[in-house]
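**Q** Sharing a structure, written as structure tokens. Questions coming.
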Amino acid sequence: MNAAGILQIVVYFAVLTAGAIPLGAYMARVYSGERTWLDPVLGPIERVIYKVCFVKQDQEQHWTVYAFSALMFSVVGLLVMYAIMRLQALTPVQFNPAGQAAVAPDLAFNTAVSFTTNTNWQNYGGESTMAYLTQMLGMTVKNFTSAATGMAILVALVRGFARRQSKTVGNFYVDAVRSILYILLPLAVVVTLALVWQGMPQSFDAYTEATTLEGAKQVIAQGPVASQVAIKHLGTNGGGFFNANSAHPFENPTALSNLIEMAGELLISAGLVFAFARMIGDKRQGRALYVAMSVMLVIGIGVCYWAEAAGNPLVQAMGVDVASSDLAPGGNMEGKEVRFGIANSAIFAAATTGTSTGAVNAMHDSFTPIGGMVPMVNIMLGEVIFGGVGCGLHGMIVFVIVTVFIAGLMVGRTPEYLGKKMESREVKLAVLCILIFPLSILGFGAVAMVLPAGLAGMSAAGPHGLSEVLYAYTSATGNNGSAFGGLSGNTLFYNTTLAAAMLIGRFLIIVPTLAIAGSLAAKKIVPPSAGTFPTHGSLFIGLLIAVIVVIGGLTFFPVLALGPIVEHFALAAGTLF
Amino acid sequence: MIKQLLPATLLTLLLTVLLGLAYPLAMTGAAGALFPHQAHGSLIEKDGKVVGSTLIAQGFAKPEYFHPRPSATTDTDPADPTKTVPAPYNAANSGASNAAPTSKSYIEGTQALIEQVKAENPDARVALPIDLVTASASGLDPHISPQAAEYQLPRVAKARAIPEADLRAVVARLTEGRSFGILGEASVNVLKLNLALDGQWPQAK
């Protein structure tokens, strides 16, 4: 660790916060249906979309209808994407210069589920499997729509708090369309051009055949990369255009493009915290959640940076220089890129897993045991360290409900949050959201550990093999998408079980969350009294973090002890597998 | 059911056209007009032929060239399409080793690699930096650290029979610092450096 690295972490937070605050104010206007400066351009397009699609703009929905609309929109999208991949061989050659064939049924199913649930787990290499047209019509479109779905769910929940005695929580289609048109698309246009400027390809050229200086042939894959990568980060999707994801020099050419991608993947999630505060009319509440999320993110970055900068002690013992300086990145450089070095690989790893992005600019599988445990733990804590766009904040609010419940138990009063009484129904639904997570991760993980088809996927022996499998189901359930890439996931077993974990992690959480929204919207707002536990001070922030860490810790510590923790001690003792 | 299915279907189709065709095509047009070099892959031509991309590492094994970082990319086994074979610097299938830090084969392989690199550079004047003996994340990392360039410099100077000081000046000129002095790490682009060497000290073919 050095000063230059720490300075980059500070710069990252400064850029992020400076962008998130104004964006939050803007998003609050978008979701409240107020006029924005983009209205003259986008307003007519928006109205045409509603007209063509039979969406009644002013008709609000009960939470059950809202949930059903979200499910329908996801199911139709999933089927369309599956069809696109299965019919890939019919793609015109201009949009498929590499001649990619149809995608196998189990892989196409896994991929369609993966992109619909905002997971973007990839059991394929983009440049060796997908046609340009598939990447556009399938991946790029889903990057927008799955993000917009998450944002809509959050907005419904926020309305639950903001409204009193209301039967409805908004209109799903309107929330989704406004998320895309007013927030995601304009940001994506700007980020696309910035990334091309930094060196990212955006063309339909066929793969270029070069003759290297030493006379060898090199086929260089490219394509319409930037338009997909921009929304891949803004929408916390994370599915790479190329197999190496954001480590590929075409998918992340420079240190500046890296900053844009890292800031992009937190920008909307962080902005939504401020938008939430504006919509409920209490900025202090947003600040408290922002601080809680930032504290957890900084701890993750710090631990990961420390572990990776220390490097692999066994390699160091072979007489290699692992010191970091202005002339060399040092540390553990296996699976990392020189232009990013250690600090930016650690920030990226923590940011991509704190949010549900799952893009990588360094290979988590080759991190040191503790360095690789950080991204895994970030997902296990529930994807609430900013989290996916929308999903992160609604996941965090679920933890807030449990926190005020526990605080209420301590003082013997009915808990309340933002003037809404948290009663038996809300607390039960919140606990349901929390329990689905370990059930899926540990359940599927245990099954994979006893079935030959599960064990066959591991590339590493010893505790690291367990880490690979554990990471896969954690990532799938958390709708993250990053991986310990050594796992051979493109098998019938992993394609189907990971797809199941992704569906569980998405929809079994969306439905109870919307149920909470509906239940809250129907309640009165009670004015705060002397007995109200304030939810904007440092006491609350500390309690919230403690609840998240204790729940995550109690659930996952045993399995972490068998995986990364025992591997850490094995590495220190020089034990190899 | 139908009441919900209709808007869901129509909206999906409409958005597929808007976001899957109109948006990427418009971006391709704008990118090609504003940044044509980058949009087409930052390719370099020499004597009218494409010799590579400045952003993509290519294999260099001859002593008179600076060598890039190791690459763990693979390709489909021509004998058995279900298997892969090592194919370093395969720019049509990026990827990493994904080796575990406690893997026996990884530690043994790294040991062998270190010995090989040390044998190739007997006159090195600085310690062997870690980036030169670890596979990059993409397998296509176009950069090495300045220390990795300095480590190889005596070998390249000897192979080209040129003074080390002259070569060091070229390396220094092509060393890129951190962006704005803050972001990322200092690096040397291997392909640009080797092209500069060939330009300044042409090799007999």
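The values are calculated or read from the model by the stated rules, or taken from the named source; none is laboratory data. All values reported here derive from a predicted model rather than from experimental measurement. In this analysis, Cβ positions are derived from the backbone assuming ideal geometry, glycine residues included, and neighbour counts consider all displayed protein chains.
**Q** Within the range A:199-210, track down each residue that is crowded, with 22+ Cβ neighbours inside 10 Å and either touching a helix residue (DSSP H, G or I) at 6+ places or on another chain (Cβ under 6 Å) or assigned to a helix (DSSP H, G or I) (or both).
**A** A:199, A:200, A:201, A:202
**Q** From the list A:432, A:503, A:451, pick out the single residue that is within 20 Å of the chain's Cα centre (by Cα) and either touching a residue at least 40 places away in the same chain (Cβ under 8 Å) or within 30 Å of residue B:106 (Cα to Cα) (or both).
**A** Just one listed residue meets the conditions, A:503.
**Q** A further question follows. When the residues of the range A:455-474 are narrowed to those that are within 22 Å of residue A:105 (Cα to Cα) and among the small types (Gly, Ala, Ser), which ends up surrounded by the most Cβ atoms within 10 Å (Cβ to Cβ)?
**A** Applying the filter and picking the extreme gives A:472.
**Q** Something else about it: Considering the range A:436-454 alone, what residues qualify as being surrounded by fewer than 16 Cβ atoms within 10 Å (Cβ to Cβ) and either among the β-branched types (Val, Ile, Thr) or closer than 18 Å to residue A:387 by Cβ (or both)?
**A** A:447, A:450
**Q** Ok, one more. Taking into account only those residues within the range A:113-165 that are under 18 Å from residue A:248 (Cβ atoms) and more than 13 Å from chain B (Cβ to nearest Cβ), which is surrounded by the most Cβ atoms within 10 Å (Cβ to Cβ)?
**A** A:120
**Q** Restricting to the range A:410-426, what's the tally of residues that are surrounded by fewer than 16 Cβ atoms within 10 Å (Cβ to Cβ) and closer than 23 Å to residue A:382 by Cα?
**A** Residues in the range A:410-426 being surrounded by fewer than 16 Cβ atoms within 10 Å (Cβ to Cβ) and closer than 23 Å to residue A:382 by Cα: 3 in total.
**Q** Keeping to the range B:100-125, report how many residues are in contact (Cβ under 8 Å) with a residue 12 or more places away in the chain and within 8 Å of chain A (Cβ to nearest Cβ).
**A** Adding up the residues that qualify gives 2.
**Q** Right, another one. Which of the residues spanning the range A:166-177 are of a type in the set (D, E, K, R) and buried (at least 24 other Cβ atoms within 10 Å of the Cβ)?
**A** Across the range A:166-177, the qualifying residue is only A:175.
**Q** When you scan the range A:536-545, do you find a residue that is surrounded by fewer than 20 Cβ atoms within 10 Å (Cβ to Cβ), within 14 Å of chain B (Cβ to nearest Cβ) and part of a loop (DSSP other than H, G, I, E, B), even just one?
**A** Looking through the range A:536-545, none of the residues is surrounded by fewer than 20 Cβ atoms within 10 Å (Cβ to Cβ), within 14 Å of chain B (Cβ to nearest Cβ) and part of a loop (DSSP other than H, G, I, E, B).
**Q** Still on this structure, I have one more. Out of (1) touching a residue at least 40 places away in the same chain (Cβ under 8 Å); (2) part of a loop (DSSP other than H, G, I, E, B); (3) in contact with a strand residue (DSSP E or B) (Cβ under 9 Å, 6 or more places away or on another chain), what's the single condition that is false for residue A:414?
**A** (1)
**Q** Right, here's the next one. Exactly one condition in (1) under 21 Å from the mean Cα position of the chain (by Cα); (2) in a helix (DSSP H, G or I); (3) buried (at least 24 other Cβ atoms within 10 Å of the Cβ) is false for residue A:196; which is it?
**A** Status for residue A:196: all satisfied but (1).
**Q** Would you be able to tell me the number of residues in the range A:245-297 that are crowded, with 22+ Cβ neighbours inside 10 Å and charged (D, E, K, R)?
**A** Final tally of qualifying residues: 3.
**Q** Name the single residue that is nearest to residue A:357 (Cα to Cα) among those in the range A:380-398 being outside any loop (DSSP other than H, G, I, E, B) and of a type outside the set (Gly, Ala, Ser).
**A** A:391
**Q** While we're on this one: Which members of the range B:78-121 meet the condition of being hydroxyl-bearing (Ser, Thr, Tyr), surrounded by 13 or more Cβ atoms within 10 Å (Cβ to Cβ) and within 20 Å of residue A:459 (Cα to Cα)?
**A** Selection gives B:84, B:94, B:97, B:102, B:103, B:105, B:106, B:110.
**Q** Residue A:439: modelled with pLDDT of 95 or more and either under 19 Å from residue A:357 (Cα atoms) or within 14 Å of chain B (Cβ to nearest Cβ) (or both), yes or no?
**A** No: the conditions fail for residue A:439.
**Q** Oh, and also: Wholly within the range A:1-103, which helices (runs of 4 or more DSSP H) include no fewer than the required count, namely at least 3 residues that are under 22 Å from the mean Cα position of the chain (by Cα) and farther than 17 Å from residue B:15 by Cβ?
**A** A:3-31
**Q** If we scan the range A:464-473, do we find a residue that is farther than 18 Å from residue B:99 by Cα and in a helix (DSSP H, G or I)?
**A** Among the residues of the range A:464-473, at least one is farther than 18 Å from residue B:99 by Cα and in a helix (DSSP H, G or I), which makes the answer yes.
**Q** Of all residues in the range B:123-142 being of a type in the set (Val, Ile, Thr) and in a helix (DSSP H, G or I), which is surrounded by the most Cβ atoms within 10 Å (Cβ to Cβ)?
**A** Only one residue tops the list, namely B:130.
**Q** From the list A:188, A:221, pick out the single residue that is over 23 Å from residue A:31 (Cβ atoms), within 8 Å of chain B (Cβ to nearest Cβ) and surrounded by 24 or more Cβ atoms within 10 Å (Cβ to Cβ).
**A** Among A:188, A:221, only A:221 is over 23 Å from residue A:31 (Cβ atoms), within 8 Å of chain B (Cβ to nearest Cβ) and surrounded by 24 or more Cβ atoms within 10 Å (Cβ to Cβ).
**Q** Looking at A:67, A:83, which is the one that is small (Gly, Ala, Ser), modelled with pLDDT of 95 or more and surrounded by fewer than 19 Cβ atoms within 10 Å (Cβ to Cβ)?
**A** Going through A:67, A:83 in turn, the sole match is A:83.
**Q** Next question, about the same structure. Do we have any residue at all in the range A:276-296 that's at negative phi, assigned to a loop (DSSP other than H, G, I, E, B), within 8 Å of chain B (Cβ to nearest Cβ) and out of contact with any Leu (no Cβ under 6 Å at 6 or more places or on another chain)?
**A** no
**Q** Right, another one. When residue A:405 is evaluated against the numbered criteria (1) in contact (Cβ under 8 Å) with a residue 40 or more places away in the chain; (2) more than 9 Å from chain B (Cβ to nearest Cβ), which criterion, by number, is the only one it fails?
**A** Here residue A:405 meets the rest and fails (1).
**Q** List the residue pairs whose Cβ atoms are under 8 Å apart, where the first residue sits in the range A:325-336 and is free of Cβ contacts under 8 Å to residues at least 12 places away in the same chain, the second is among the aromatic types (Phe, Trp, Tyr), and the two are 6 or more positions apart or on different chains.
**A** Cβ pairs passing all conditions: none.
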